[in-house]
């Protein structure tokens, strides 16, 4: 039963690649999907810096997504973490920094409103008690509850732990004496994105040389 389940996962991994990927890379990525249990899940979610073809930092993604981009030939590894993922037929170095092989034009506008981007903006920390948690341990809170006319906007959605979410309920902040926002929620702009990249990569020498720490004013 176990081997049948693994074959099914492998087939689904190949379908996910679409027609653009080569047969060889599709097989490796399918094996990666099946063998991902070799690493603990947090290792596959380790942040990886994404550079444009021009070496401009443009995004942060998880290690799993970065590996798929490298194996599909969309990106190449510029810096390695030091850890190695053992797939069925090969050993793959876990990337720390990847670079897209084709230049992508990045529009200078606010990012799409999504749960992932809100958690990234709020640095995976509850905006009421400041506790830092994994994405799965956080929820989103409407500062002005929907039951009281609150909208799903950048300015009204924040990362929140389940305890604070239960305590706040459908109340407004001025109705509570022991809860307040740690910072004013704002749209996730290109400036915000680069500031977060600097914060995450400030202690990583592999990231620092791509993030323009020297010669730029503090964000």
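The values are calculated or read from the model by the stated rules, or taken from the named source; none is laboratory data. Just so it is clear, the model here is predicted, and its values are computed rather than measured. When we count neighbours, we look across all protein chains shown, and the Cβ atoms used for this are built from the backbone with ideal geometry, even at glycine.
Side notes on the structure shown:
- Residues being in a loop (DSSP other than H, G, I, E, B) and in contact (Cβ under 8 Å) with a residue 12 or more places away in the chain - total across region 71-124: 20
- Enumeration of residues in region 159-177 that are farther than 8 Å from residue 128 by Cβ and either at pLDDT below 90 or in contact with a strand residue (DSSP E or B) (Cβ under 7 Å, 6 or more places away or on another chain) (or both): 159, 162, 165, 177
- Filter result for residue 185 (assigned to a loop (DSSP other than H, G, I, E, B), modelled with pLDDT under 85 and closer than 29 Å to residue 58 by Cα): no
- Here residue 97 clears all of (1) modelled with pLDDT of 85 or more; (2) more than 26 Å from residue 50 (Cα to Cα) except the condition numbered (2).
- Within region 165-182, tally of residues that are under 20 Å from residue 137 (Cβ atoms) and assigned to a loop (DSSP other than H, G, I, E, B): 4
- One residue stands out among those in region 40-67 that are under 14 Å from residue 101 (Cα atoms) and assigned to a strand (DSSP E or B): the one that is modelled with the lowest pLDDT, which is 58.
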